[in-house]
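Have a look at the structure below before the remarks.
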Number of protein chains: 2
Amino acid sequence: MAPSGPNHQHTVTSFDDELRKLNNTISRMGGLAETQLTQALKALSQRDSDLASRVVSQDAQIDQHDQEVQNLVVRLLALRQPMADDLRLIVGALKVSADLERIGDYAANVAKRTMVINQIPPVKAAGPIPLMGRLVQELIKDVLDAYVERDEDKALDVWRRDEEVDEMHTSLTREFITYMMEDPRNITSCTHLMFIIKNIERIGDHATNIAETVHFTVSGRPISGQRPKGDAGSAPDLGNETA
Amino acid sequence: MAPSGPNHQHTVTSFDDELRKLNNTISRMGGLAETQLTQALKALSQRDSDLASRVVSQDAQIDQHDQEVQNLVVRLLALRQPMADDLRLIVGALKVSADLERIGDYAANVAKRTMVINQIPPVKAAGPIPLMGRLVQELIKDVLDAYVERDEDKALDVWRRDEEVDEMHTSLTREFITYMMEDPRNITSCTHLMFIIKNIERIGDHATNIAETVHFTVSGRPISGQRPKGDAGSAPDLGNETA
């Protein structure tokens with residue numbers, strides 16, 4: 001069924017080669033997303049606007065990878081007729097790519113807001129953000145490992161740990177509101193910081209999405225049970241759009 | 001190539017029937033997303049927590065439709081070997097479904113925050129939100145029409161009009177910051193309102209995504225040129241994660 005023959009433009013690679021290429025592209029994209037988040041958090045904590053600016057401009061690379069994944073998927077689907085497991089893998093790759101692309105967008109937004117915050121005096125409320133950032137960095141790292149290793153247990157572990165991020169997000173939001181109430185001069189900074197931690201929290205959600213995709217791709221079963229949520233309260237953070 | 005015969009569970013429908021089913025599911029899903037946004041905005045402007053609560057619980061319906069679309073797509077791809085145009089249509093449906101699912105999430109989040117805001121005294125800053133909401137409702141309505149009618153010009157028009165939403169978002173955010181600075185008692189409400197208009201702005205972005213998908217599906221060409229952006233300034237709204 002595979003197209004072949006001399007009238008074909010390029011060497012026809014095997015299905016496995018194409019699948020490998022798809023996975024490699026996802027891996028590279030995951031590495032880029034991880035780096036973007038790391039650098040955005042570094043730019044924030046070190047008030048480094050040059051680094052932030054690089055993060056913003058590097059986002060286009062992740063978008064290009066996402067486009068490449070889409071092209072690869074369409075080609076794989078058009079040229080072959082993958083069944084069951086392979087099809088799950090291919091559709092999974094498409095979803096993971098979309099999540100990584102969003103993670104890149106959120107990292108770039110953290111960097112953009114960092115550039116704005118750096119123009120005004122720092123507020124001490126920003127102190128605990130790096131800790132929250134580290135938690136999410138670990139989620140991203142571990143879920144990418146789970147993807148590469150096709151490890152459903154590791155995926156499940158990431159899925160569970162996102163709750164901690166949500167809780168930290170809730171508590172930080174409360175803190176920012178308190179700072180704003182104490183001194184109106186904190187309002188502009190704290191508004192940006194609230195959107196920054198919202199972005200970080202959303203990155204955690206996308207890590208959770210990837211964990212769900214990995215689990216489904218590997219096991220053929222969705223993760224059972226309600227997603228644990230650390231932000232069920234009525235604090236102004238109440239920001240989970242994925243409920 | 002289509003599987004057939006008496007040992008098949010159900011009647012094997014034609015490829016066109018399956019495609020039609022896919023499109024119908026997307027249309028129904030679009031209608032649901034539109035209704036969810038309308039009701040969330042109504043709940044906000046009329047301070048109607050019962051309605052808001054219904055919006056939150058109805059979000060599951062949209063999620064179910066998204067799942068159904070994914071299943072339909074996987075079945076279409078597995079059973080048939082669609083080429084070029086059809087494949088673009090199918091992959092497009094998957095993307096539109098993901099966008100509609102997100103729109104539903106954002107509408108539900110507007111409703112959730114509305115329930116919280118309704119427990120505290122109203123702030124007059126909320127005044128212009130319905131206007132912004134109406135702009136986005138029109139984008140959603142028009143992009144769904146563009147999808148059903150396969151109208152690339154209408155899609156392009158939606159894509160262009162999102163800029164107006166972004167501008168309104170920027171100006172409203174500035175207003176909320178001013179209100180917070182004037183009176184710390186406004187801080188909690190205004191924080192929720194800032195996230196609410198951010199959600200509405202994001203819904204506009206997803207309408208724009210759908211416009212891009214419709215354009216590409218119909219014409220085979222991406223929309224050329226930079227996406228117009230009304231929030232390029234350095235105001236604290238600077239919230240576009242899709243840069």
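Quick notes on this structure:
- Segment A:27-42: number of residues that are within 17 Å of A:Val69 (Cβ to Cβ) and surrounded by fewer than 24 Cβ atoms within 10 Å (Cβ to Cβ): 5
- All positions within segment B:36-51 that are within 17 Å of the chain's Cα centre (by Cα) and of a type in the set (A, V, I, L, M): B:Leu37, B:Ala40, B:Leu41
- Subset tally (residues that are out of contact with any helix residue (DSSP H, G or I) (no Cβ under 6 Å at 6 or more places or on another chain) and either crowded, with 18+ Cβ neighbours inside 10 Å or modelled with pLDDT of 85 or more (or both)) for segment A:203-226: 3
- Flag if B:Val91 is assigned to a helix (DSSP H, G or I), out of contact with any Leu (no Cβ under 6 Å at 6 or more places or on another chain) and more than 8 Å from chain A (Cβ to nearest Cβ): no
- Residue list for segment A:43-84, restricted to those being surrounded by fewer than 17 Cβ atoms within 10 Å (Cβ to Cβ) and more than 11 Å from every other protein chain (Cβ to nearest Cβ): A:Ser45, A:Gln46, A:Arg47, A:Ser49, A:Asp50, A:Ser53, A:Arg54, A:Gln61, A:Gln64
Here is a yes/no grid of residues against (1) within 20 Å of the chain's Cα centre (by Cα); (2) more than 14 Å from chain A (Cβ to nearest Cβ):
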residue	(1), (2)
B:Ala111	yes, no
B:Pro128	no, yes
B:Glu138	yes, yes
B:Val148	yes, yes
B:Asp153	yes, yes
B:Arg160	yes, yes
B:Arg174	no, no
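- The set of residues from segment B:113-134 being aliphatic (A, V, I, L, M) and surrounded by fewer than 18 Cβ atoms within 10 Å (Cβ to Cβ) comprises B:Ile120, B:Leu131.
- When restricted to residues that are free of Cβ contacts under 8 Å to residues at least 40 places away in the same chain and part of a helix (DSSP H, G or I), segment A:12-50 contains 8.
- Filter pass, A:Ile200 being modelled with pLDDT of 95 or more and over 20 Å from B:Arg174 (Cα atoms): yes
- Among residues of segment B:178-195 that are facing chain A (nearest Cβ under 7 Å) and at negative phi, those with a Cβ under 9 angstrom from a residue that is part of a helix (DSSP H, G or I) and among the basic types (Lys, Arg), sequence gap 6+ or separate chain, pair up as B:Met181/A:Arg185; B:His192/B:Arg113; B:Phe195/A:Lys198; B:Phe195/B:Arg113.
- Candidates A:Asp142, A:Asp99 - the one that is within 14 Å of chain B (Cβ to nearest Cβ) and under 24 Å from A:Ala211 (Cα atoms): A:Asp99
The values are calculated or read from the model by the stated rules, or taken from the named source; none is laboratory data. These numbers were taken from a predicted model, which means no experiment stands behind them. Because the Cβ atoms are built from the backbone with ideal geometry, glycine has one as well, and the counts that use them run over all protein chains shown.
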